[in-house]
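A quick write-up on the structure given underneath.
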Amino acid sequence: MWESAIAVIGTLAGGLMVTVTQQLTDRRRQREQHRERVADLTGQLLSAALRYRQLFWLRVDARRAGEPDPVVRADFYQARSDVTEARDRLALAVTDETLLRAAGRAAWSALGLSEIDPGVPQDGRYTPEIEARLEAARQHTHTTHTELRQAAAGYGTTSAPGRVVDTRSESV
């Protein structure tokens, strides 16, 4: 009798262990899939912001050189829409405030470049005030880009948020 009871309990315990193990595995897989999706969406935002920044600096540099504007207005508007869309898609996928704040700062720092009206350069340079604003904006967009990348790298982990990565290799 006891042997039968022990066999039944063992069978039930084994079944429970299989179920618990399967649920833990499924949850881990879902978390990893979500992290991959967030990484992809963040990458899209980083790329869109970088593209917008490239177009802005192409325009600024062409003016410095006395060349015609190489950026088609429609391309500039599309780049702006791409930044907004990428930020919105990320916001629909996550609720993490750190990541969302970093995404907003990166998007708005890129889009905010268009608020700088450099005017007409003299001898290949803008006024010292405009040059200072442009350099400050360049540094700010680099910083917010890095902050977003670091927030995304730390998303879903407990040890990564403190990482610091140098981004001096960025070109725009």
Failed criterion for VAL71 (all others in (1) part of a helix (DSSP H, G or I); (2) aliphatic (A, V, I, L, M); (3) at pLDDT below 95 hold): (1)
Hits in the range 75-99 (condition: of a type in the set (Ser, Thr, Tyr) and part of a helix (DSSP H, G or I)): TYR77, SER81, THR84, THR98
- prompt: If the Cβ limit is 7 Å and pairs must be 6+ apart or interchain, which residue in the range 86-105 that is touching a residue at least 24 places away in the same chain (Cβ under 8 Å) pairs with which residue that is of a type in the set (Ser, Thr, Tyr) and surrounded by 22 or more Cβ atoms within 10 Å (Cβ to Cβ)?
  reply: LEU90/THR42
statement: Residues of the range 95-108 being buried (at least 21 other Cβ atoms within 10 Å of the Cβ) and either more than 12 Å from ALA151 (Cα to Cα) or in contact with a strand residue (DSSP E or B) (Cβ under 9 Å, 6 or more places away or on another chain) (or both), in sequence order, are ALA107
statement: If we ask which residues in the range 16-67 are in contact with a Phe, Trp or Tyr (Cβ under 6 Å, 6 or more places away or on another chain) and closer than 30 Å to PRO121 by Cα, their number turns out to be 1
message: For the condition under 30 Å from VAL94 (Cα atoms) and at pLDDT 95 or above, what is the one hit in ALA160, ALA137?
response: ALA137
query: In the range 46-68, how many are part of a loop (DSSP other than H, G, I, E, B) and either free of Cβ contacts under 8 Å to residues at least 40 places away in the same chain or touching a strand residue (DSSP E or B) at 6+ places or on another chain (Cβ under 7 Å) (or both)?
result: 2
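The values are calculated or read from the model by the stated rules, or taken from the named source; none is laboratory data. Being a predicted model, the structure only gives us computed values, none of them experimental. Please note: Cβ atoms are built from the backbone with ideal geometry, for glycine as well, and neighbour counts cover all protein chains shown.
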